[in-house]
1. From the list Ile80, Ile98, exactly one residue is modelled with pLDDT under 95 and surrounded by 14 or more Cβ atoms within 10 Å (Cβ to Cβ). Which is it?
2. Can we say Leu128 is surrounded by 15 or more Cβ atoms within 10 Å (Cβ to Cβ) and not in a loop (DSSP other than H, G, I, E, B)?
3. Counting just the residues of the range 103-120 that are hydrophobic (A, V, I, L, M, F, W, C) and open to solvent by 30 Å² or more (accessible area, probe 1.4 Å), which one comes out farthest from the chain's Cα centre (by Cα)?
4. All but one of (1) open to solvent by 70 Å² or more (accessible area, probe 1.4 Å); (2) touching a residue at least 12 places away in the same chain (Cβ under 8 Å) hold for Ala32; which doesn't?
Amino acid sequence: MSAFVIDAFEFCKNDGHREGATPLVEMTRLAAESVEKSGDITWSIQGGKTRHGYPSMTLAVAGHVKLVCQRCLQPLDYEIDSSTMLVLGENDEDADGIEEVLDDESIDVIVGSRTCDIRQLLEDEALLALPQSPRHDVCPDTGLLDRLKTDKVSPFAALKNLKAD
């Protein structure tokens, strides 16, 4: 069994803790979003219980990725720094019940597993931390974009020639 596969319920019960760094290239879904595949994502995972006694894990991820700016299509440096609490249910019905009891949008309730691959949870957290539409505050070089705007011929330009004097 992999060192990344845990019994999530035992991990929480024993207040387990793991931390490390994973190369970005090993997080294939996150690497697909990044222009550059180098660097590491640091992470930690802490097991415990909520104040209601439900098993919970707190995940934290941090690292640097290069995304594509949706405005200028140039690389955009982005710092991931995210943390979330996951509360574990035994099954879907249990998870739904826990969600109702907690009534807190900031806490995610998931179905736990006795063979939980924490790499997937960590990569999910990193992906959720990315902006939906990454953009520079001020794009570094808008020359190409400006040229596209000025070179574009209006679809109505031909109608001007049809106009009778």
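The values are calculated or read from the model by the stated rules, or taken from the named source; none is laboratory data. Keep in mind the model is a prediction, meaning the values are calculated, not measured. Please note: Cβ atoms are built from the backbone with ideal geometry, for glycine as well, and neighbour counts cover all protein chains shown. In case anyone asks, the SASA skips ligands and DNA or RNA and just uses the protein heavy atoms, side chains included. Shrake-Rupley method; radii C 1.70, N 1.55, O 1.52, S 1.80 Å.
1. Ile98
2. No; evaluated as a whole, the condition is false for this residue.
3. Of everything passing the filter in the range 103-120, Val111 is farthest from the chain's Cα centre (by Cα).
4. With respect to (1) open to solvent by 70 Å² or more (accessible area, probe 1.4 Å); (2) touching a residue at least 12 places away in the same chain (Cβ under 8 Å), Ala32 is out only on (2).
The rows are residues; the columns are (1) among the small types (Gly, Ala, Ser); (2) at pLDDT below 95.
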residue	(1), (2)
Ser2	yes, yes
Phe11	no, no
Asn14	no, no
Glu19	no, no
Gly48	yes, no
Tyr54	no, no
